[in-house]
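K.L.:
Below is the structure I would like to discuss, written out as structure tokens.
The values are calculated or read from the model by the stated rules, or taken from the named source; none is laboratory data. If you're wondering where the values come from, they're calculated on a predicted model, not measured in any experiment. Don't worry about glycine lacking a Cβ; one is built from the backbone with ideal geometry, like all the others, and counts go over all protein chains shown.
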């Protein structure tokens, strides 16, 4: 039977999350950073169950049984997901057990047995912090099982009175701390559920406490929002957020000590099937480990200070510098603060007439958004296109929308049915009797926090054609007017996919003509069927294709006669790889683009995205160097082998490209790429 060149999306994502978890086993990673990778893995897995598993179960409930690109039905996908997720959950527990031992040798003890020497402390914590806020519910005909919200922890308690066994529940309030830090001979992190279990005799003074078991439910959060029927999108988003907490259960994590007969009763109360149960031997919900990571700086990555882009001076007028030369930079190695300072300067600059920006994800206390509000208060025309449907940032974006509008900004919410994922900023300035547009395009969000942990490309220019496209893009987003005659921008959902397919076709033509044909694609995901089929066609024609795909990759490389000219790799390291950079040899022209769009149907067909060619020599060389260094990395690179990935570290001539960038990011401007 022929090997399929297509890989299931969900299994590919689980394989990516395995790569994340395996960083926790890499001894070259500082100890507390390894613990953080377990927390990241756990957070990723929570979202996967809420969205992807939830969506598949919805398909099954609706009777949808069509095959996906890899030839699997929703039922078959769920079975394979369950098998793989159970395997990964078990591996996570093994890794955590090892890390706990290593941390204890460093004086950090996580979830210890609550021995007598801790009694005074745990009793005080229970009486002062826990007991006043819990609400035990003993189940009866009058007291049915209370609703457990998404990702909430619940202690299920067996109690006995007058020979009769009763069942009771205590849902841990969101306001209650998950753990308590206690400094004695060592630093102890005591978990709330362990302290509560120790003092249940106080909670149930008239009962004999037989035992207690912790469980956590994950609910479907892949809920549909009908924008077309929504009169007020802002209000609809707020109602949607409330309903997300109450979706049906798609995973239950339980204490390994929970007996099967009790599990059956809990399943009947909560209405879930036992195939969604994941038995946990240690702490449930390892996202809580994030709060431990900063405990010892010496067990974390050493801090570094990002630098200004080459020839950029923080003391000189930023707009004069942009007019002299485009600014291109690579976060987090270059200082994203230059963007924050540019917006702050524009807010107070009497020559600035207008500022326009798209908002997908912003950080709490964003100085950029504070500057926009300041600009509006100073009488400038400020318009912000807010994407209310940025998953898991909806609530924050709703809050920002209200604050921006209150400050005098014009706030709109894009185009119904499309997410606004393009990352653009335009500052309009009056200079010597003429209007100059300063355009900022990026692969990353205007988020000052993630700018320090994600890799992304930023490009700032005063180019007139780019400025015209920037203005036209904002008119499209706010007035729904497509000029249809763009100078430099290609926007999804109308223009990016056709352009990508056209560029691949050009490489195919070069290959068939016996000329060098090559592509390098650095993106977060490749799953669009039309693009995958075109890549297969290109491989068959002899085009050499390097895919650097951080996450989901739906194409299987190395199949003779099909994808043998394709190689797939993934880099997982200290920083989250986030930019999309695409190179086409183009008969020696070496065309380079950056984009906000991954190669997925959702990005190409259901979002507003940007695809931009960098034509100036310095900028092109800068992006080529990023690709060259990605291909040269031999410490954090995983190579696709079949449907899995393997990492082989070089013993000599080692290059961790992210580490190299910390000390050498200025070389991106001058280094000669080997491509």
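K.L.:
Kindly indicate the residue of the stretch 339-351 that is touching a strand residue (DSSP E or B) at 6+ places or on another chain (Cβ under 8 Å) and more than 15 Å from residue 440 (Cα to Cα) and also surrounded by the fewest Cβ atoms within 10 Å (Cβ to Cβ) among those meeting that condition. Quick ask: steps written out before the conclusion?
P.N.:
Of all residues in the stretch 339-351, those touching a strand residue (DSSP E or B) at 6+ places or on another chain (Cβ under 8 Å) come to 339, 342-343, 346-347, 349, 351.
Adding the requirement that they be more than 15 Å from residue 440 (Cα to Cα) leaves 347, 349, 351.
Numbers: 347: 22, 349: 19, 351: 12.
Here the answer is 351.
K.L.:
Okay, moving on. Scan (1) assigned to a loop (DSSP other than H, G, I, E, B); (2) modelled with pLDDT under 95; (3) touching a strand residue (DSSP E or B) at 6+ places or on another chain (Cβ under 8 Å) for the single condition residue 147 breaks and write down its number.
P.N.:
(3)
K.L.:
Of the residues 406, 387, 448, which is in contact with a helix residue (DSSP H, G or I) (Cβ under 9 Å, 6 or more places away or on another chain) and touching a residue at least 40 places away in the same chain (Cβ under 8 Å)?
P.N.:
Exactly one residue qualifies, and that residue is 448.
K.L.:
While we're on this one: Can we say residue 222 is more than 27 Å from the chain's Cα centre (by Cα) and at pLDDT below 95?
P.N.:
no
K.L.:
Return the only residue of 140, 175, 135 being part of a loop (DSSP other than H, G, I, E, B), at pLDDT 95 or above and surrounded by fewer than 12 Cβ atoms within 10 Å (Cβ to Cβ).
P.N.:
Going through 140, 175, 135 in turn, the sole match is 135.
K.L.:
Follow-up question, since we're still on this one. For the stretch 365-375, indicate whether the set of residues that are without any contact (Cβ under 8 Å) to a residue 12 or more places away in the chain and either closer than 24 Å to residue 479 by Cα or touching a helix residue (DSSP H, G or I) at 6+ places or on another chain (Cβ under 8 Å) (or both) is non-empty.
P.N.:
No, every residue in the stretch 365-375 fails to be without any contact (Cβ under 8 Å) to a residue 12 or more places away in the chain and either closer than 24 Å to residue 479 by Cα or touching a helix residue (DSSP H, G or I) at 6+ places or on another chain (Cβ under 8 Å) (or both).
K.L.:
Residue check: is residue 117 at pLDDT below 95 and within 24 Å of residue 262 (Cβ to Cβ)?
P.N.:
No, not satisfied.
K.L.:
Of all residues in the stretch 613-638, count the ones that are within 25 Å of residue 486 (Cα to Cα) and surrounded by fewer than 21 Cβ atoms within 10 Å (Cβ to Cβ).
P.N.:
Number of matching residues: 6.
K.L.:
Mind checking which helices (runs of 4 or more DSSP H) fall wholly inside the stretch 463-554 and carry at least 2 residues that are in the same structural domain as residue 444 (by TED's automatic domain parsing) and surrounded by fewer than 20 Cβ atoms within 10 Å (Cβ to Cβ)?
P.N.:
Working: elements: 464-479, 496-512, 529-541.
Answer list for the stretch 463-554: 464-479.
K.L.:
Name the single residue that is farthest from residue 460 (Cα to Cα) among those in the stretch 579-612 being in contact with a helix residue (DSSP H, G or I) (Cβ under 9 Å, 6 or more places away or on another chain) and free of Cβ contacts under 8 Å to residues at least 60 places away in the same chain.
P.N.:
592
K.L.:
In the list 307, 293, 266, 277, which residue meets the criterion of being surrounded by 14 or more Cβ atoms within 10 Å (Cβ to Cβ) and modelled with pLDDT under 95? Even if it seems obvious, please write down each step before you answer.
P.N.:
Values: 307 fails: modelled with pLDDT under 95; 293 fails: modelled with pLDDT under 95; 277 fails: modelled with pLDDT under 95.
From the options 307, 293, 266, 277, the qualifying one is 266.
K.L.:
I've got another one for you. Where in the stretch 570-675 are the helices (runs of 4 or more DSSP H), entirely inside, with at least 1 residues that are closer than 22 Å to residue 335 by Cα?
P.N.:
617-632, 657-664
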